[in-house]
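Report on one structure; see the data block that follows.
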């Protein structure tokens, strides 16, 4: 399971050119799922995201978590995080999980994150066309892979 996490001042997602959802200060999480991913990956990654101290304290140091600032999270499914570009110029998606595997894991990820944060998480729509606008704060952007826990 891979996540690109961006600290944002605000973000907006438009689903299928019509439905709009917004968050204010918080994180946008782009989530990619592999066929091997499981509940252990979900628990580790949601815990890491909930505790990640990437928000500034009174002294300007990144020392506060999303919970401590009462921030919001937007989670977007993104199979392209598992693109293979090793051969040729057209990416291969063979490392991304099939939607029949990925969608239930995505849904479980969102539920687990909501339980940890004790608040609703804004989401895109799995498999839909989505336009995402965000104002990256910092910029602060991180890549986390549950298969390479650093």
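Every number here is computed from the coordinates shown, using simple stated rules; none is lab data. Model, not experiment: these values are computed from the prediction. Here Cβ is always computed from backbone atoms with ideal geometry, including for glycine, and neighbour counts include all displayed protein chains.
What FRET efficiency, computed as 1/(1 + (r/R0)^6) with R0 = 30 Å and r the Cβ-Cβ distance, is obtained for residue 51 and residue 21, rounded to the nearest 0.05? Could the numbers behind the result be given before it?
On the way: r = 25 Å, r/R0 = 0.82.
With R0 = 30 Å, the Cβ-Cβ based efficiency is 0.75.
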| In a solvent-free Debye calculation with one equal scatterer on each Cα, what is log10 I(q)/I(0) for the chain at q = 0.21 Å⁻¹, listed in the order of the q values? | -1.43
| said: Per 0.36 nm of contour for each residue apart, how much would the distance between residue 142 and residue 101 grow if the chain were fully extended, relative to their Cα-Cα spacing? | reply: 12.3 nm
| note | Within the set 58, 83, 11, GNM on the chain using Cα springs under 10 Å gives the largest fluctuation to 58
| remark: Per the rule of 0.36 nm per residue minus the C-alpha distance, extending residue 120 to residue 80 adds in nm 11.9 nm
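Computed over the Cα atoms, what is the radius of gyration of the stretch 1-72 divided by 2.2 N^0.38 Å, N being its residue count? Walk me through the numbers on the way to the answer.
Values: Rg = 14.2 Å, N = 72, 2.2 N^0.38 = 11.2 Å.
So the Cα radius of gyration is 1.27 times the expected 2.2 N^0.38 Å.
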| query | In degrees from 0 to 90, rounded to the nearest 10, what is the angle of the helix 39-51 Cα long axis to the longest principal axis of the chain? | reply | 30 degrees
| query | Zone of residue 133 (label point 7 Å along Cα→Cβ, backbone N under 20 Å): which residues in the stretch 1-36? | reply | 6-30
